[in-house]
Amino acid sequence: MNRNEACEKILEILSEVLEEKKECPSTYDEDISERLDSIEFVMLIVEIENGFDIKVLDDDFEIENVNTINKLADLVFKYKEN
């Protein structure tokens, strides 16, 4: 899977988590933190874990580390490499 495919999959997951209540970002670098409440943020991480077959450690749950699609893709590739 390349980076663009990962970003598209993350965007799909985000769309499902938001359930069309809120608009998805138009770019991979747009800040998504204000679109998500705490429950939605946890749901997003869980769905990314399930979708990419990874387990995200608590240390990576800092919103500033995962507040864009690109940063979430970085996280996915970090865990896929291990």
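Bear in mind that the values in this text are calculations on the coordinates, not laboratory data. Keep in mind that this is a model prediction, so the values were computed, not measured. Positions of Cβ are backbone-derived with ideal geometry, glycine not excepted, and every protein chain shown enters the neighbour counts.
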Please specify each residue of segment 1-30 satisfying the condition of being of a type outside the set (D, E, K, R), surrounded by fewer than 13 Cβ atoms within 10 Å (Cβ to Cβ) and under 17 Å from F77 (Cα atoms).
M1, N2, N4
Report every pair of residues separated by at least 6 positions or lying on different chains whose Cβ atoms are under 8 Å apart, first residue within segment 65-81 and farther than 13 Å from C7 by Cβ, second polar (S, T, N, Q) and surrounded by fewer than 23 Cβ atoms within 10 Å (Cβ to Cβ).
N67/S33
Test each condition in (1) surrounded by 14 or more Cβ atoms within 10 Å (Cβ to Cβ); (2) in a helix (DSSP H, G or I) for V56 and report the one that comes out false.
(2)
Taking only pairs six or more apart or across chains, which ones have beta-carbon atoms under 6 Å, a first residue in segment 22-49 that is closer than 25 Å to K80 by Cβ, and a second residue that is surrounded by 17 or more Cβ atoms within 10 Å (Cβ to Cβ) and hydroxyl-bearing (S, T, Y)?
D29/T68
